[in-house]
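Report on the following structure.
The values are calculated or read from the model by the stated rules, or taken from the named source; none is laboratory data. Since this is a predicted model, take the numbers as computed values, not measurements. Glycine also receives a Cβ, built like all others from the backbone with ideal geometry; neighbour counts cover every protein chain displayed. Heavy atoms of the whole protein, side chains included, go into the accessibility calculation; ligands, DNA and RNA do not. Shrake-Rupley method; radii C 1.70, N 1.55, O 1.52, S 1.80 Å.
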Amino acid sequence: MSEQIEGRNAVLEAFRSGQVIDKLFILDGCQDGPVRSIAREARKKDTIINYVPKERLDQLSQTGSHQGVIAQIAAYEYSTVEDILEKAREKGEPPFIFLLDNIEDPHNLGAIIRTANLAGAHGVIIPKRRAVGLTATVAKTSAGALNYTPVAKVTNLGKTIDELKEAGIWFVCADMDGERMYDLNLKGPIGMVIGNEGEGVSRLIREKCDFTAAIPMKGDIDSLNASVAAGVLAYEIVRQRLS
């Protein structure tokens, strides 16, 4: 499936035919009828709209004829948070969920979804804003895991954590300033939070977590790649769930 649709009629038709659009880019200041119709359809579907200068659209364009509108298409359908919880219930297991705080690299997201599948997690939750969605690159990097691991996209990650806490789920985030992950009790229903590649877990999200887990590091550099950190912490959770 093409990752991108360009041009007013094509984008409007994509919305009306029910295609899942991850992100919509519109020329800043453009307010004519067709563009207003596209923006209206986007709001109905709760799609994030980015108003950007012409240089940004030209940079994104693959066809050179974007007409002030570019839509980025999801390669896979999104699930819901309830779908993820239902999967845990079907398996008779305490929920194990990955929550990703603004992962921007599609290769990292694909690798993390692959790890989530192999670690037996019931699903992955990502935010709508400032994060990569389910692009074709993500699908390819996940090596088929997207066929089995539900991914939900939420408007507010903090609010979702609060709601899941009410359902009895504990939260751990990976952060260098936390306790050694081996010293934490990570059994039971758990949500594992992995942060942005550069900035880590945001302060607001970190404060909502019950535990902050530090991955012991002995080398000369100070951090792990986000997808590697996800794998290391996930498998400590797996080890504790098996013991």
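Of all beta bridges that DSSP places with both ends in segment 1-90, some 60 percent have antiparallel geometry. Build a GNM of the chain with springs between Cα atoms under 10 Å apart, and of ALA116, ALA145, ALA167 the one that fluctuates most is ALA167.
Put simply, the amide H of VAL193, placed in the peptide plane, has neighbours under 5 Å in LEU99, VAL172, CYS173, ALA174, leaving out anything fewer than 5 places away on its chain.
Please identify the GluC sites (Glu not before Pro) of segment 55-121 that satisfy two criteria: DSSP loop assignment and at most 14 other Cβ atoms within 10 Å. Which are they?
On the way: sites: GLU55, GLU77, GLU82, GLU86, GLU90, GLU104; in loops: GLU77, GLU104.
Counting only loop positions with at most 14 other Cβ atoms within 10 Å, the GluC sites (Glu not before Pro) in segment 55-121 are GLU77, GLU104.
Farthest towards the positive end of the charge dipole of segment 42-100, among the residues LEU57, TYR76, PRO94, is the Cα of LEU57, using unit charges on the Cβ of Lys, Arg, Asp and Glu. A 1.4 Å probe run over the chain, with the rest of the protein chains in place, finds 50 Å² accessible per residue.
Residues whose amide H comes within less than 5 Å of that of PHE96, counting only those at least five positions distant or on another chain, are HIS122, ILE190 (H built at 1.01 Å from N in the peptide plane). Roughly speaking, to the nearest percent, how much of the chain's 1.4 Å accessible area is carbon and sulfur? Using a 1.4 Å probe with all protein chains present, the chain comes out at 48 percent carbon and sulfur.
To the nearest 10 square angstrom, how much accessible area does MET176 have with a 1.4 angstrom probe? Using a 1.4 Å probe on the heavy atoms, I get roughly 110 Å².
Using Cα springs under 10 Å in a Gaussian network model of the chain, which residue among LEU100, LEU27, LEU146 shows the largest mean-square fluctuation? Most flexible of the set in this elastic network: LEU27. Couplings for segment 154-163, taken from phi via the Karplus curve 6.51 cos²θ - 1.76 cosθ + 1.60 with θ = phi - 60°, read 10, 6, 9, 5, x, 5, 5, 4, 4, 5 Hz in order; Gly and Pro are left as x. Surface listing: SER37, SER142 arranged by accessible area from highest to lowest gives SER37, SER142, probe 1.4 Å.
Checking Cβ-Cβ separations below 4.7 Å across the chain identifies CYS30 as cysteines lacking any candidate disulfide partner.
Mean residue ellipticity, 222 nm, helices only, the chain: the sum of -39500 (n - 2.57) across DSSP H runs of n ≥ 4, divided by residue count and rounded to 500, is -11000 deg cm²/dmol.
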